[in-house]
Amino acid sequence: MYDETLVDISNNMGLKPILWSWHQDTRDWNRPGVQKIANKVIRNAHNGDIVLFHDHVHGQSQTREALKIILPELEKQGYRFVTVSELIKLSNTQQAGKPQ
């Protein structure tokens with residue numbers, strides 16, 4: 001959870017609050033099925049997305065198996081995977097190149 005206070009304090013501390021892309025919440029915590037998780041990510045993939053996955057799910061996580069489908073497919077489509085820090089740098093570079 002976050003609110004304007006958290007954003008303001010973070011910004012004052014020189015930090016950037018980071019959230020996932022609104023259309024890339026896999027809801028994997030609900031164990032919807034490996035293929036459903038994979039399909040959601042692959043069908044909704046856009047440059048710059050941050051996909052929300054959970055590393056601990058009560059019972060057995062389906063995320064690990066879904067990633068075995070997702071990662072090769074997105075690579076095949078030309079996507080590459082970067083850290084959030086790299087994504088911010090790429091975004092800043094693209095914005096700097098845009099006319100004002």
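The values are calculated or read from the model by the stated rules, or taken from the named source; none is laboratory data. Because the structure is a prediction, the values reported are computed rather than measured. Reconstructed Cβ throughout: ideal geometry from the backbone, glycine too, with neighbour counts over all protein chains shown.
A Cβ distance below 6 Å, combined with a sequence gap of six or more or placement on separate chains, defines the contacts here; from segment 54-71, residues that are more than 14 Å from Gly33 (Cβ to Cβ) reach residues that are of a type in the set (Asp, Glu) in the pairs His54/Asp28.
When segment 56-94 is limited to residues that are over 29 Å from Lys16 (Cα atoms) and assigned to a loop (DSSP other than H, G, I, E, B), the one that is farthest from the chain's Cα centre (by Cα) turns out to be Gly59.
Does any residue of segment 25-37 turn out to be in a helix (DSSP H, G or I), hydroxyl-bearing (Ser, Thr, Tyr) and modelled with pLDDT of 90 or more? Checked segment 25-37: no residue is in a helix (DSSP H, G or I), hydroxyl-bearing (Ser, Thr, Tyr) and modelled with pLDDT of 90 or more.
Taking the listed residues Ile42, Ile18, the one that is assigned to a helix (DSSP H, G or I) and in contact with a helix residue (DSSP H, G or I) (Cβ under 8 Å, 6 or more places away or on another chain) is Ile42, with no other qualifying. Taking every residue in segment 10-23 that is farther than 19 Å from Lys89 by Cβ and pairing it with any residue that is exposed (fewer than 13 other Cβ atoms within 10 Å of the Cβ) and at pLDDT 90 or above, at least 6 positions away or on another chain, the pairs with Cβ-Cβ distances below 8 Å are His23/His46. Scanning segment 26-64 for residues that are charged (D, E, K, R) and surrounded by 15 or more Cβ atoms within 10 Å (Cβ to Cβ) yields Asp28, Arg31, Lys36, Lys40, Asp49. Does Ile9 satisfy the criteria of being β-branched (Val, Ile, Thr), at pLDDT 90 or above and out of contact with any Asp or Glu (no Cβ under 8 Å at 6 or more places or on another chain)? Taking the combined requirement at face value, the residue satisfies it. Within segment 45-72, the set of residues being in contact with a helix residue (DSSP H, G or I) (Cβ under 7 Å, 6 or more places away or on another chain) and among the charged types (D, E, K, R) comprises just one member, Glu65.
If you go through segment 11-44 and keep only what is of a type in the set (Phe, Trp, Tyr) and in contact with a strand residue (DSSP E or B) (Cβ under 9 Å, 6 or more places away or on another chain), you end up with just Trp20.
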